[in-house]
Amino acid sequence: MRLLGAAVRRCVGAPVRLCVGASLLVGCSDGRTPLVIYSPHGNYLLDMFEQRFEAAHPDVDVRWLDMGSQEVLERLRAERANPQADVWFGGPAQIFARGARDSLLERYRPSWADAVPPEYRGPGDLYFAVYRTPAVIVYASQALRPEEAPQDWDDLLDPKWQGRILIRDPLASGTMRAVWGMMVERGLRSGADTAEAFGWLRRLDGQTKEYVLNSTILNQKIVRQEGVITIWDLPDVLLNQRDGLQLGYVFPRSGAPVIPDAIGIVRNARHRELARQFVDYIGSVEAQLLATREVYRLPARTDLPEDSLPAWAREVRRSMVVADVDWNQLERHGAEWMTYWDRQVRGTGRNR
């Protein structure tokens, strides 16, 4: 976990749990009002928005906790009786839908709500998508040329990749849950039942060397060529390329799942009005373009002029095939699919 914010930085060296409890949430106060954000978005984006929002609101101390989107959901469930966060920022819309069903979110219609398509708006104005996040096939560019990397999902099952694939642990990752759900849906659309899809995932399990705890470790392992292939989200890959990591990526020919990445206010948040201002800011034209230009986020807003977007975003819009994914079905069945995968598929692929 990566903890930032002025108060958290003053607690460097403290154990993570102590720092979260004593610093992020209640302690280390400098007189400003704390605004607590739970998010999987990482330090590039979160630190950037922390600085921008605090500059516009000098009396606010933005504090954030970086964790996987599934971990955010579980933490909010655990804190339901005494919420510690004000805003849930980032994660697939289907995970937000589970949070809405569990009464973890508070209704708020932001100023930019009409600029996103209806399918990117949660029921009852409980959450809204701010970004569109494609999942891509990633490879170690030191080891492989672009044409040598898998070009589509089924190529991952080629025997030459056995033991050379690393996967972010799907139970903690909303991105990987979306990819796994897409695979199950693909099997259902072909007229088969879920057995065909889980058979495909079992074969991929047999190819997989390791399920990695977090994305930072995953990227490092790929660069060190402990594995040469993975699946991950495009913004993170582009940020790591910018930092000099030798990674390449491929848009799967048959289609990439493009995940609606959402934001919402935590129910019974301690700082409700500040949370609303933060949500309004994140979806504003200024913040959407800033995220696109600086941290490679595809905006969910449809009203941004094409020529205001950077070249990489225009190229993605032109070249990416978007997979047909029923996000409502993933929300309804995703948890049971993941439970089945964890209990019946994980670790069984080599035993076929």
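The values are calculated or read from the model by the stated rules, or taken from the named source; none is laboratory data. These figures come from a predicted structure and were not determined experimentally. Note that we place each Cβ from the backbone using ideal geometry, even for glycine, and neighbour counts take in every protein chain shown. Remember, those area values only see protein heavy atoms, side chains included, never the ligands or the DNA or RNA. Shrake-Rupley method; radii C 1.70, N 1.55, O 1.52, S 1.80 Å.
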Out of Tyr249, Val223, His271, whose Cα points farthest toward the positive end of the dipole of the range 218-282 (charges: +1 Lys, Arg; -1 Asp, Glu; placed on Cβ)?
His271
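Gln51 to Arg350: FRET efficiency via 1/(1 + (r/R0)^6), r the Cβ-Cβ distance, R0 41 Å, to the nearest 0.05? Display every interim value, and only then the final one.
Numbers: r = 47 Å, r/R0 = 1.16.
That gives a FRET efficiency of 0.30.
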Two pseudo-spin positions, 7 Å from Cα along C-beta at Arg145 and at Glu79, lie apart in nanometres by 5.1
For the range 62-133 and the range 148-214, what is the separation of their C-alpha centers, rounded to whole Å?
27
What does the charge count near Trp327 come to, summing +1 for each Lys or Arg and -1 for each Asp or Glu among other residues with Cβ under 13 Å from its Cβ?
-1
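When the accessible area of the range 166-248 is computed with all protein chains present and a 1.4 Å probe, what percentage of it is carbon and sulfur?
Numbers: 1380 of 2880 Å².
Ligands and nucleic acids excluded, carbon and sulfur give 48 percent.
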Please report the base-10 log of the normalised intensity I(q)/I(0) for the chain, using a Debye sum with one equal scatterer per alpha carbon and no solvent, at each q in 0.14 (1/Å).
-1.19
Which length gain, in nm to one decimal place, applies between Glu196 and Asp307 when the Cα-Cα distance is subtracted from 0.36 nm times their residue separation?
35.6 nm
Separation of alpha-carbon centers, the range 265-332 and the range 222-252, rounded to whole Å:
22
Only Lys, Arg, Asp and Glu count, each charged at its Cβ (+1, +1, -1, -1), so figure out the dipole size of the chain about its Cα centre, rounded to 20 debye.
720
Positive end of the dipole of the chain, charges at C-beta (+1 Lys, Arg; -1 Asp, Glu), about the Cα centre: which of Met48, Val285, Ala97 has its Cα farthest in that direction?
Ala97
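Could you tell me which of rounded, prolate or oblate describes the range 217-352, using a ≥ b ≥ c as the square roots of the eigenvalues of the alpha-carbon gyration tensor, with rounded for a/c under 1.5 and, failing that, prolate when a/b is larger than b/c and oblate otherwise? The partial results should precede the final answer.
Values: a/c = 1.75, a/b = 1.25, b/c = 1.40.
Oblate shape, in that a/c is at least 1.5 and b/c is the bigger or equal ratio.
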Interchain or long-range residues, amide H under 5 Å from Thr33's placed H:
Val60, Asp61
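Scale the Cα Rg of the range 46-126 by the rule-of-thumb value 2.2 N^0.38 Å and send over the ratio, two decimals.
Details: Rg = 13.9 Å, N = 81, 2.2 N^0.38 = 11.7 Å.
Scaled against compact globular proteins, the figure is 1.19.
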The correct ranking of Lys209, Lys221 by accessible area at 1.4 Å, largest first, is Lys209, Lys221
Which of the listed residues, Ala113, Gln344, Phe198, is farthest toward the dipole's positive end in the chain, when Lys, Arg count +1 and Asp, Glu count -1 at the beta-carbon?
Gln344
What helix-only [θ] at 222 nm does the chain give? Using -39500 (n - 2.57) per DSSP H run of at least 4, over all residues, to the nearest 500, the answer is -11500 deg cm²/dmol
Residue-normalised accessible area of the chain, expressed per residue, 1.4 Å probe, Å²
42
Could you check which residue among Pro123, Pro40, Pro299 shows the biggest mean-square fluctuation in a GNM of the chain with a 10 Å Cα cutoff?
Pro123
Sorted on mean Cβ neighbours within 10 Å (highest first), peptides 135-146, 243-254, 223-234 come out as 223-234, 135-146, 243-254
Whole-percent pair-distance distribution, where bins are 5 Å wide, for the alpha carbons of the range 83-217:
2, 8, 14, 17, 17, 14, 11, 9, 6, 2, 0
Computed accessible area, Asp102, all protein chains, 1.4 angstrom probe, square angstrom
40
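How much FRET efficiency would the formula 1/(1 + (r/R0)^6) give for Asp125 and Ser319, where r is the Cβ-Cβ distance and R0 is 25 Å, rounded to 0.05? Don't skip to the answer; put the middle values down first.
Numbers: r = 34 Å, r/R0 = 1.36.
With R0 = 25 Å, the Cβ-Cβ based efficiency is 0.15.
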Dipole in debye (nearest 20) - the range 54-114, about Cα centre, beta carbon charges: Lys, Arg +1; Asp, Glu -1:
380
For Gln162 and Arg101, calculate 0.36 nm times their separation in residues minus their Cα-Cα distance, and state this gained length in nm to one decimal.
18.0 nm
